[in-house]
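Shown next, in structure tokens, is the structure this report addresses.
The values are calculated or read from the model by the stated rules, or taken from the named source; none is laboratory data. From a predicted model like this one, the values you see are computed outputs, not experimental measurements. Because the Cβ atoms are built from the backbone with ideal geometry, glycine has one as well, and the counts that use them run over all protein chains shown. Please note that ligands, DNA and RNA were not included when accessible areas were found on the heavy atoms of the full protein model with its side chains. Shrake-Rupley method; radii C 1.70, N 1.55, O 1.52, S 1.80 Å.
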Amino acid sequence: MKIQHEHEAKFYSQNGEDGVISTILAEIGDCQRTFIEIGTGDGTECNCMHLKKDLGWSGLFVDAAFENESIRKAFITKDNVQEVLLSYKAPRMPRVFSIDIDGNDFHVLKNVGPFLPDGVLVCEYNGHFKHDELAVMPYNPDWKWEGTRFYGASQAAMHRLGNELGYSLVYSNYVNLFFVSNKYRSHFEDADTRQLYKEPWSHLPDDRISLMNNPWGT
């Protein structure tokens, strides 16, 4: 199949992610109905709340600033991510894993280890780069996003990391990339082959964006 803009639908997500995730799951199956989402905000706009509230899935929501009966409060770094997930009894190899922390997404995702999904991976990217630019924000364990263009990693960098972790890119919107485990790659006719670059949001200019670099050096 081929994921299209028409598959987007919003229940709790910000930009139609609910519909894209549901479409992918309809194709690959939802045999393990578990999720992890890092960076949920207050829960009113996040990528896995539809799975929990409307479809009865179980899993873990984590955010650095908010906490309620559904959301665990923790400031995630590349060094503590596995410890935090383990302490909250997060499901290993969940069906869906989503990360949106406005900064160290690339670095944290590299260190998720056994909590990477057996299914769908959703990750935020920085849209202020062309589709082929490899750019990653230098790691800063104390980072808090200031609403500017200096954050995260480019689409190309997150795409390459996803491939290295064993996932194939099947769709992109203005904010997130959607991957599937490589064993499901054949379900999607254009996996990893589409130029998915979108026009960026109008975040404030920031000269520090020049500090973002190619971690592979090639």
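Six or more apart or on different chains, Cβ under 7 Å: which pairs go from a residue in the range 102-131 that's closer than 19 Å to V84 by Cβ to one that's of a type in the set (K, R) and not in a helix (DSSP H, G or I)? Could you list them?
Here the result reads N104/K78; H107/K78; V108/K78; K110/K78; N111/K78; P114/R92; F115/R92; P117/R95, each pair linking the range 102-131 to a residue that is of a type in the set (K, R) and not in a helix (DSSP H, G or I).
Every residue, every condition in (1) touching a Leu at 6+ places or on another chain (Cβ under 8 Å); (2) at negative phi, yes or no:
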{"residue": "S22", "(1), (2)": "no, yes"}
{"residue": "G29", "(1), (2)": "no, no"}
{"residue": "I36", "(1), (2)": "yes, yes"}
{"residue": "T40", "(1), (2)": "no, yes"}
{"residue": "I71", "(1), (2)": "no, yes"}
{"residue": "K78", "(1), (2)": "no, yes"}
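I'd like the residue in the range 172-195 that is closer than 16 Å to L116 by Cβ and in contact with a helix residue (DSSP H, G or I) (Cβ under 7 Å, 6 or more places away or on another chain) and, out of all such residues, is most open to solvent (accessible area, probe 1.4 Å).
If we take residues in the range 172-195 being closer than 16 Å to L116 by Cβ and in contact with a helix residue (DSSP H, G or I) (Cβ under 7 Å, 6 or more places away or on another chain), then Y184 is most open to solvent (accessible area, probe 1.4 Å).
Hey, among the residues in the range 54-81 that are under 13 Å from E37 (Cβ atoms) and among the charged types (D, E, K, R), which one's surrounded by the most Cβ atoms within 10 Å (Cβ to Cβ)?
Among those that are under 13 Å from E37 (Cβ atoms) and among the charged types (D, E, K, R), it is D63.
I'd like to verify a number: residues in the range 135-171 that are among the hydrophobic types (A, V, I, L, M, F, W, C) and surrounded by fewer than 21 Cβ atoms within 10 Å (Cβ to Cβ), how many?
4
Suppose we keep only residues that are touching a residue at least 40 places away in the same chain (Cβ under 8 Å) and assigned to a helix (DSSP H, G or I) within the range 8-47. Which one would you say is surrounded by the fewest Cβ atoms within 10 Å (Cβ to Cβ)?
E27
Please specify each residue of the range 76-101 satisfying the condition of being more than 24 Å from W57 (Cβ to Cβ) and in contact (Cβ under 8 Å) with a residue 24 or more places away in the chain.
T77, K78, D79
Mind listing whichever residues of the range 48-66 are over 18 Å from D102 (Cβ atoms) and in a loop (DSSP other than H, G, I, E, B)? Working first, answer last.
Step one: filter the range 48-66 for residues over 18 Å from D102 (Cβ atoms), giving 49-60.
Matches in the range 48-66: L55, G56, W57.
Looking at the structure I just gave you, is V84 part of a strand (DSSP E or B) and either among the hydrophobic types (A, V, I, L, M, F, W, C) or open to solvent by 20 Å² or more (accessible area, probe 1.4 Å) (or both)?
So V84 fails the test.
Pick from G119, G127: which is at positive phi and crowded, with 20+ Cβ neighbours inside 10 Å? Give the derivation first.
On the way: G127 fails: at positive phi.
The match here is G119.
If the requirement is being at pLDDT below 95, part of a loop (DSSP other than H, G, I, E, B) and closer than 17 Å to S98 by Cβ, which of these qualifies: Y174, Y197?
Y174
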